[in-house]
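Just so it is clear, none of the values below were taken in a lab; they were calculated from the coordinates. Worth saying up front: this structure is predicted, and the values here are computed from it rather than measured. Here the Cβ positions follow ideal geometry from the backbone for every residue, glycine too, while neighbour counts run over all protein chains shown.
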Amino acid sequence: MKFEDFENMAPNERREFLKALSLFTLFPFAPSGLKEACQEILLGKKAYAQAAVLPRYFIEINLRDQFDWTHLFVPPGIATGNITRGFSGDQVGLAQSQDSLVQAGNNFYLPDEGQVLRPHLDDIAVLETCELSVGPIHGHEGGNATRSPGRGYNSGPGREKMYLKDPNSKLSGNGDHYSSSPTPANIHNYVCKKADSSLKNGVIYKGISRSIHTVYHYSGNLAGADPDRYQSTSDLEKAFSTSGNAGPAPNYSRFSNQITQLIKKVDKNYLNNFRYDGNAHSDHEKQLQGVQKRLASTGAGGLPNNFQLALSSAERNHWRNDFPEMGRGGSKAWLWEQAGLATKLITNDIVRTVALEFDYVDVHGDRPEKLFRAQAKQVSNPLSKMIDALKTAGIWNETVIAIFTTDGGRGMEANSFGSKGKNGAILAGGQIKGGYYGNVTNQGTKYFYHRPDDSGRPVANGVSGNNQRVAGRDLWMTLMQALRMDMSLARSFPDTKDAKILDYMLKS
Amino acid sequence: MKTTPFSASYLQINSLSGFGRIKIYSKFGKFLFLGVVTLLFYNNCSGYKGTGEEGSFSSLGGGSESPAVFEAKNSSVQVLPFRQRVSKLENLFSFLPSSAFNRLRANRFILGDHDHSQSINPSQTWSQSVMEKWIESIEPICQSSEIINRYAGDHQGFLEVVYGRKLSYGDQELLQEIAAGSGTQNEKLFILCSVSLSSLEFVSESSLAESPLVAYGNRLANMLVARNLSSTESDLLENGNIYDLRQLLETWTADPSFHISAKTMMEVQLATSGKTNEVDFNLPGQLMQFISREDRSFSEVLTADYCVDENLEPVSCDTASPYNAGVLTTKAFMVGHTGRFNLGRAGKLMEQFACKNYPMDQSLQPPIKRERIIDMFAQDQLDDGTDGAFGNGFACYTCHSQFGAHAQLFVKFDAFGNYVDGATGAQNPDLEAGKSFNDLFTSHLKDSNEAASEASQVFGRQVANLKEASEVIVQSDEFWNCSVQKSLQYFLNLDHSEAEHINVGLLRDIVRKAKTRNPQPSLSDLVVESLSHPLVMLSIEGRLQ
């Protein structure tokens, strides 16, 4: 194949082809000459020293209002310990008796709400003993160390405000944090676009229902890393629909190259005049390159013919089925709808990066049974359907889903106020090694959190505070590895360079 | 991010010698501007320089010899609020039919507009998707016959109108490059139009005008009245001084566009806008617009005994409460900040109108005694007897002893914003903590009579209800300082953190000046005194460079 042939491929075909080539280059016994030829096509006319392999597909789900997964995965120590169950005070918020929990292997003890995930447990890793959140009010924050290692209140060289691109009406519920480490979807989007410049930009669905809260999606110093943010379902659907694209090319499309080149020149003068640094320049230029490509697209604009992102009636019924529409998160879109849209984007290979946001409503003090059950099912129900769909599409081994309790978690106590007890994530994907890692034990109504050791087994001595936790950077780096990212880039940030990879969460 | 050879460090100047650094970086005109502003400042402030009294020079925090001003720096490319951007286009091309702007309106949320009734926050990010959609959306403008008829033979005139300043060498280069390219005259105009209207200079508030005073004036004109300086205004500032700027500010703050900007400011800051079948979330913004138009005291945002409809006519408010308290007694505020224990309402009241978060200084808000507070908030210690730090869930009393006093004012307003005279403030045992009966919320107070009563204590004074509380708040220094802070934040396009770090001495000085001008300052008074204050100009000019 000549490079020109590749260039002439439709974007979808090109991506399919690139995907196949990427996988081939990973095959250990592939002849090196052939590998180089593949890389030449992958990378352009001249192969670079480092292969630009596409990362896996990535769906990042951010849950706010300190979601609790007690009714999804019961920590082994709680499932088997001498506990007091109930929904007030220091009781464990577990409605079911311990003997009714299903022991599903790999330290999974499943209440009713977790059952739907049983077929997929080999590919689901749960870690809830990461370092705690540090938001100014009950730990609520828009960042989290697991998503942006080293984030905190101090600015400094390379440490910029995380919150500027994700507006909210009250900073105190999110934390006026600074960081140098990009959040997962942003670095993933960056690496994907670097590996294949024909890719569409990733997507962030700004799904948090309350104006006071948000989730930070932060690019650090990675130019052009920001995925596109959408604040409503209709805008997202409009952006990924082929309808209305027919007819003669509009003027902005015909002149897209001149327009964006001239804007680049004019804006360069502006940025120079106001002394923006090199990163702001390169970020703006990257964004403009993307603009040019998108304006130049006519007709289907890189989308499959007649593609409609909007869920059909049958699709809506499927995704909505058995999802508890409780809490406040549905004022924009329930997580079932967001999950349906994200899955459709990924399984149709429209984008490789999707980040979602969903909240419940902030409940402190005694939490009722229905809250525990709803929060668990609001995760397990869409997650199981996403996994089913990704398996059906044949891309499960090429996908990672990360679900973060973005503003921290709660303790085992029903009456828990946040920024204590748990903080962590669920990783799911064909390359994820399933298991509940770490543990929670109790002595009466005191609870102790045991991080996993290097082998993945819980350490003997648990803690009630924030010491002896899994560093957020370690989970972040593990996710990078699972996503098949450029690890030299992943280690290039001051707060990630010393991170460990939690091998026990990954299949070899 | 913007590198700031002296903007950030400049803002921390602690000695007059720091001004020497400006020479290194500034063009002569800018230096002259700064010098004039500085002299004006010293002239204005010499009467109370170094006295150490409240509002005095030294109380601004910069030591005894020079002012410390607030930090205002660009940390990423942010553009004008969506409505300012569109209004700017509408003002610029007022000869176009309204339909030319329809595509902008259709794409408004991707372009950054807000509608809090749909949980859509405003965004001023200039990202790939926003730029793309903006260029698409201005196409009807750029290829309209009206634009072609007017400017096909006058590209230079078009560009001057767009930027509202004299053209620079770089602008001439742009015109030459387009002229030398292929395409018809109309196509070239289309390209010029698309480029200039999508350039950062047009979509942001910062101007590349040579004169710092013109650049500063242009920035203010963009934010206050959604347009560039007119040529007359530009000439006035080019050859004028700070007093000419004040004159322009007086004119602008009487302009209908300013009242719309005031409305948007309140919408954005109070997070209330849009409409549902049940709630008109536009009421607070409309009240602000009316108060601004009528040049009434800014305190009426909290004390007005009326609401205002979309035609800016006074109407009764919608909560059915027996009293009114400005924006507070609207369903928009009540529903927009609803939540258990009325914490959201109390928190927003303090954050928006006193710029205070919990815990606040007890000399401002004396705490409710521990024995009067329900058990869950009376706790302040860990099980092992050590004090719990705030934020980890144990230091409840520290915050809630103050929270509770403010939350009590809302005890008779249900989740839908309706006033319920029979509210008890009692916890419903069947619901989660903080929820009372009939969609009402639980009081912080133990005693059932106290829990059912709206009476409380605000800033150390007993009040019978939210109306009296509002009257206490607007008499406080905190309210006026905060009003200046919030208007500076909006009209100078500062982020939360920048605004929160504005020196309180500066705020006090502005309030003092506004009250000298008018004992009951209007928004116009606050804005004129704020934006013409030498230290504010110095801060922003630091950023401009």
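Given axes a ≥ b ≥ c from the Cα gyration tensor, I'd like to know whether the stretch B:261-349 is rounded (a/c under 1.5), prolate (a/b larger than b/c) or oblate. It comes out rounded by the Cα gyration axes. If you plug the beta carbon distance of B:Glu160 and B:Arg105 into 1/(1 + (r/R0)^6) with R0 = 35 Å, you get a FRET efficiency near 0.80.
Judged by the ratio a/c of the largest to the smallest principal axis of the C-alpha gyration tensor, the stretch B:388-474 counts as oblate, that ratio being 1.5 or greater while a/b is no larger than b/c.
Sorted ascending by nearby beta carbons within 10 Å, beginning with the fewest, B:Cys396, A:Cys192 become B:Cys396, A:Cys192. Just the number, please: percent antiparallel of the DSSP beta bridges in chain A, rounded to the nearest 5. Around 55 percent of the beta bridges assigned by DSSP in chain A are antiparallel ones. Sorting the segments A:497-506, A:165-174 by their residues' average number of neighbouring beta-carbon atoms within 10 angstrom, most packed first, yields A:165-174, A:497-506. With N the number of residues in the stretch A:222-274, Rg(Cα) / (2.2 N^0.38 Å) evaluates to 1.58. Relative contact order for the stretch B:211-301 using alpha-carbon pairs under 8 Å, separation at least 6, rounded to a whole percent? Averaging sequence separation for qualifying contacts and normalising by length gives 21 percent for the stretch B:211-301. Evaluating kT/(6 pi eta Rh) at 4 °C and 1.567 mPa s, with the Kirkwood radius of the stretch A:372-449 over Cα pairs in the Stokes-Einstein relation, gives 89 µm² s⁻¹. Considering all alpha-carbon pairs of the stretch B:446-545, what whole percent are spaced by more than 20 angstrom? The calculated P(r) of the stretch B:446-545 puts 47 percent of pairs beyond 20 Å. By how many degrees, 0 to 90 and rounded to 10, does the Cα axis of helix A:184-195 deviate from the longest principal axis of chain A? Once rounded, one gets 30 degrees.
Bridges between two residues of the protein assembly as shown, per DSSP, are antiparallel at a rate of about 65%. Between the helical axis of A:32-43 and the longest alpha-carbon principal axis of chain A there is an angle of about 80 degrees. The mean sequence separation of alpha-carbon pairs under 8 Å and at least six residues apart, normalised by the residue count of the stretch B:336-475, gives a relative contact order of 24 percent. Dipole magnitude for the stretch A:404-508: computed about the Cα centre from +1 point charges on Lys and Arg Cβ and -1 point charges on Asp and Glu Cβ, it is near 120 debye.
With respect to chain A, whose longest principal axis is taken over its alpha-carbon atoms, helix A:11-26 is tilted by about 60°. How many angstrom lie between the C-alpha centres of the stretch A:263-291 and the stretch B:500-537? If we compute the Cα centre of each part, the gap is 35 Å. Listed values for the stretch B:426-432 are Karplus-derived 3J(HN,Hα) couplings in whole Hz (6.51 cos²θ - 1.76 cosθ + 1.60, θ = phi - 60°), namely 7, 6, 7, x, 8, 10, 5, and x replaces Gly and Pro. Each label was represented as a point 7 Å from its Cα along the Cα-to-Cβ direction; for B:Ser98 and B:Asp309 these points are 1.9 nm apart. Relative contact order of chain A: 27 percent, from C-alpha pairs under 8 Å at least 6 residues apart in sequence.
Would you mind checking the stretch A:258-272 for residues with the amide N under 17 Å from a putative spin-label position 7 Å along Cα→C-beta of B:Gln176? Answer for the stretch A:258-272: A:262, A:265-266, A:269. Hey, which of these cross-link pairs are over 23 Å Cα-Cα: B:Lys166/B:Lys486; A:Lys293/A:Lys385; A:Lys165/B:Lys486; A:Lys206/B:Lys331? Violating the 23 Å Cα-Cα cut-off are B:Lys166/B:Lys486; A:Lys293/A:Lys385; A:Lys206/B:Lys331. Using the alpha-carbon centroid of each, what span in Å lies between the stretch B:154-208 and the stretch A:444-468? Using only Cα atoms to place each centre, the spacing works out to 63 Å.
Using just its DSSP H runs of length 4 or more, each adding -39500 (n - 2.57), chain A gives a mean residue ellipticity at 222 nm of -9500 deg cm²/dmol after division by all residues.
Largest first, the three principal axis extents of the alpha carbons in the protein assembly as shown are 84, 83, 56 Å in whole numbers.
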